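Written below as structure tokens is the structure these notes are about.
The values are calculated or read from the model by the stated rules, or taken from the named source; none is laboratory data. Bear in mind that the values here come from a model prediction, so they are computed numbers and not experimental data. Neighbour counts run over all protein chains shown; Cβ positions are idealised from the backbone, glycine included.
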Amino acid sequence: MAVRRHNFYLRSSIQQRLSFLVVAALCLSSFLLWPKAYPDIFVWFKALTFVLVVVVLGRAFLRLVRWQVDLSLDEEGEYWLLNGSECELVRSYVMPLMCLVYLKVDGQERLVMVFKDMLNEADYRALCRVLLRHQKGSHEAP
């Protein structure tokens, strides 16, 4: 019997971008908690730090908008490809709105966050089934 292969093309999603914007808003709102600085050097330091954080968050958001991943796996969850490189599933967490997939690529562990709106409903269910089957199989192994 031939093993069914799943191919998922993941791109940045609205849920992913909104999650990033919430974290960025939390980071930027922390500047409101800084004490009022009276000497000019502290005001300039606070302003420079704020601008630096905005630039870093802006660049990260632009990278997020262009983010894409090709993920291929078989029905058993044994054979994984990430952007053409062979990888191994370390662990995964399946939740209603997203899946956290930890993969080992070239000896490095990498997190792939798969939000529900990155895939159509059937593909997201298929991915969740494969991840849950793999979790169940790894707990039963000696």
Give the residue that is nearest to L71 (Cα to Cα), with candidates limited to residues of the range 2-60 that are modelled with pLDDT of 85 or more and part of a loop (DSSP other than H, G, I, E, B).
S12
Residues of the range 84-99 that turn out to be surrounded by 14 or more Cβ atoms within 10 Å (Cβ to Cβ) and among the polar types (S, T, N, Q), as a count
1
Would you confirm whether any residue within the range 37-49 is out of contact with any Leu (no Cβ under 9 Å at 6 or more places or on another chain) and closer than 30 Å to R133 by Cα?
no
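So that you can scan it fast, the table gives a plain yes or no per residue for (1) under 27 Å from S30 (Cα atoms); (2) exposed (fewer than 13 other Cβ atoms within 10 Å of the Cβ); (3) of a type outside the set (D, E); (4) touching a helix residue (DSSP H, G or I) at 6+ places or on another chain (Cβ under 6 Å):
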position: R63; (1), (2), (3), (4): yes, yes, yes, no
position: D74; (1), (2), (3), (4): no, no, no, no
position: L82; (1), (2), (3), (4): no, no, yes, no
position: V101; (1), (2), (3), (4): no, no, yes, no
position: V105; (1), (2), (3), (4): no, no, yes, no
position: K116; (1), (2), (3), (4): no, no, yes, yes
Can V22 be described as under 28 Å from C99 (Cα atoms), under 24 Å from the mean Cα position of the chain (by Cα) and surrounded by 12 or more Cβ atoms within 10 Å (Cβ to Cβ)?
no
If we scan the range 72-85, do we find a residue that is in a strand (DSSP E or B), out of contact with any His (no Cβ under 8 Å at 6 or more places or on another chain) and in contact (Cβ under 8 Å) with a residue 60 or more places away in the chain?
no
Among the residues of the range 76-87, is there at least one that is hydroxyl-bearing (S, T, Y) and either under 28 Å from K136 (Cα atoms) or modelled with pLDDT of 85 or more (or both)?
yes
R63: passes all of (1) part of a loop (DSSP other than H, G, I, E, B); (2) under 22 Å from S13 (Cα atoms) but (1)
